[in-house]
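Heads up: the structure comes next, in structure tokens.
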Amino acid sequence: MTTVRRRRPAVLAAIAAAGLVCTAAPAAVAASPSPSPSAALPSGLYGAGDPTYDGVWRQSLALLAQDTVGVRPAAKAVDWLTGQQCDGGGFPSYRADATGDCDAQLPLDSNATAAAVQALAALGGDGNDAAVDKGVAWLKSVQNEDGGWSYNPGGASDANSTSIVIGALAAAGEKPEAVTSKGGKTPYDALLTFAQPCDAEEAGAFVYQPGTPGLVADSTAAAVLGAHGAGLVATAGTADAKGLTCAKATSAEGAAHNGAVYLAKALAATGHLDTPPMPGAENPEKKPDFGNTADAVVALYAQGLGDQAEKPLKWLQQNADAWAKENGPAAYAQLIFAAHAAGADPKSFGSTDLVAALNATGPAPEAASPQGSASASAEEKKDEDKDEDKDKNDDGSGLGPWWIVGVFFAASVGVGFLLSGRKKNRQQ
């Protein structure tokens, strides 16, 4: 999602090159578009691109998207993710050797950690739950004084990182408003510092950092979800009765409305957002921004402005196939999140079956249900009840023969987490 989640390497590179953002992850600027020929990718990893800067991020989005549509991810895919986690609870963007302890100099990534927490919380199971608890504890330990989070610990808070961490806290069962800094500030206090007033040039938008706008649509889509306590996966909210008027905001909810209004107006003309050309690019024309458009669709539905999201959703259905094929699992996940928020069928997204396409980018999943994870669980419970009744009828004891009442993945080694989220092109 490019969104609240995090800027992918290509976007980080573009922002840094343009002098728009000072990122705490300079290595991401040099992101390689493809894996080194000499380095074999882990068999449990989704995507064929170099995972150095987005391994945990894209894996997390892929697993979360699969769970959202009722697909049970491959056990080794979940194990790979949990194996990326460091002993302290944080996740790096990627570590090639997960057999030992994390190097003390290895940068830990709040966005990757927050995405991994959301994915593992959705999947559940003892090993995953333990990884979630460790991840949440680490996130709390690196909260800034202003109540927010930076991309890497020690940097200034930004809207994207703060928003995706809010989503992780909520997914783990925490109350984000109760997670306060030593100075008594909440994540929502931090979010308000990124919100632009209605008389500003970017009226109602959320900037990446005060004084450092960044890609405003990206940080705005992320912050709208964060203000609602929502993560990468969101559903349609109650209709926003305020319409498309920007009003003075004194709360995160009010700022979320204004942010959604900004997105709605930015999408109104063409149905999509644009990415400015890279500095020095031969072609000075803007390019359609598929990732942030998908994130904006999720944000608009979450805010209750679904009518304003119909045009960009249709545009994505008609145009996003080639983009998703090029960018891989995180891109497919973003489109699945958009379809989910809109109540659309991800298996018939334009001419694309997003679920099959995502599954094809990594190890084959364990099982699938076209009804979604909640419905799938309900159906499994019904089947279990039927089996139990049958067993009781067989011998009258209620014990019956050996049978399996549930299957969970073994997440044995540390944990790892994924990228895309909102900070953009980390989707390969």
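The values are calculated or read from the model by the stated rules, or taken from the named source; none is laboratory data. Because the structure is a prediction, the values reported are computed rather than measured. A quick note on method: Cβ atoms are made from the backbone with ideal geometry, for glycine too, and the neighbour counts reach across all protein chains shown. What goes into the accessible areas is simple: the full protein's heavy atoms, side chains included, and nothing from ligands, DNA or RNA. Shrake-Rupley method; radii C 1.70, N 1.55, O 1.52, S 1.80 Å.
Computed over the Cα atoms of the range 66-177, what is the ratio Rg over Rh, Rh following Kirkwood?
Across the range 66-177, the Cα-based Rg/Rh ratio is 0.96.
Which value, in Å², gives the accessible area per residue of the range 124-217 when a 1.4 Å probe is used on the protein heavy atoms? Show your work: numbers first, answer last.
Numbers: 3630 Å² over 94 residues.
Result: 39 Å² of accessible area for each residue.
Which of the three applies to the range 226-359, rounded, prolate or oblate, going by the alpha-carbon gyration tensor with a ≥ b ≥ c and a/c under 1.5 meaning rounded?
Oblate shape, in that a/c is at least 1.5 and b/c is the bigger or equal ratio.
As a test of the definition: which semi-axes, in Å, follow for the range 256-320 when you take the square root of five times each eigenvalue of its alpha carbon gyration tensor? Largest first, please.
That gives 23, 13, 9 Å for the three semi-axes.
When ranked by the protection proxy of mean other Cβ atoms within 10 Å per residue, highest first, what sequence do the peptides 268-276, 281-289 form?
Highest-to-lowest ranking by the protection proxy: 268-276, 281-289.
Calculate the tail of P(r) for the range 155-301: the fraction of all Cα-Cα distances greater than 29 Å, expressed in %.
Here the long-distance tail beyond 29 Å is 14 percent of all Cα pairs in the range 155-301.
How charged is the neighbourhood of L191? Take every other residue with its Cβ under 13 Å from the Cβ of L191, and add Lys/Arg as +1 and Asp/Glu as -1.
Neighbour charge sum, excluding L191 itself: -4.
What full-extension length gain, to one decimal in nm, is calculated for D129 and E366 as 0.36 nm per residue of separation minus the Cα-Cα distance?
Answer, rounded to one decimal: 83.4 nm.
Give K185/K287; K76/K182; K311/K347 a once-over and call out the pairs whose C-alpha atoms are over 29 Å from each other.
Flagged as over cut-off: K185/K287; K76/K182.
What distance in nm separates the simple spin-label points at D87 and K325, each placed 7 Å from Cα in the Cβ direction?
If labels sit at D87 and K325, their model points lie 4.7 nm apart.
How much accessible area does T352 have with a 1.4 Å probe, in Å² rounded to the nearest 10?
Here the accessible area works out near 20 Å².
In nm, what is the difference between 0.36 nm times the number of residues separating S43 and A268 and their Cα-Cα distance?
76.7 nm
Two decimals, Cα atoms only, Kirkwood Rh: what is Rg/Rh over the range 166-250?
Values: Rg = 13.6 Å, Rh = 14.0 Å.
Radius of gyration relative to Kirkwood radius: 0.97.
Students often check this: by mean Cβ neighbours within 10 Å, which of 127-137, 194-204 ranks highest, and how do the rest follow? Can you show the working numbers first?
Details: 127-137: 21.5, 194-204: 17.3.
In decreasing order of mean packing, 127-137, 194-204 become 127-137, 194-204.
If you count, for each residue, the other Cβ atoms within 10 Å and average over each peptide, how do 353-362, 115-124 line up from highest to lowest?
Working: 353-362: 21.1, 115-124: 29.3.
Going by the mean number of other Cβ atoms within 10 Å, highest first, we get 115-124, 353-362.
Mean separation of Cα pairs under 8 Å and 6+ residues apart, divided by the residue count of the range 41-164: what relative contact order is that in percent?
Computed over the range 41-164, the figure is 23 percent.
For E202 and N283, FRET efficiency with R0 = 22 Å and r from the beta-carbon atoms, rounded to 0.05?
With a Förster radius of 22 Å, E is 0.30.
If you count only protein heavy atoms with a 1.4 Å probe, what accessible area per residue comes out for the range 278-352, rounded to a whole Å²?
42
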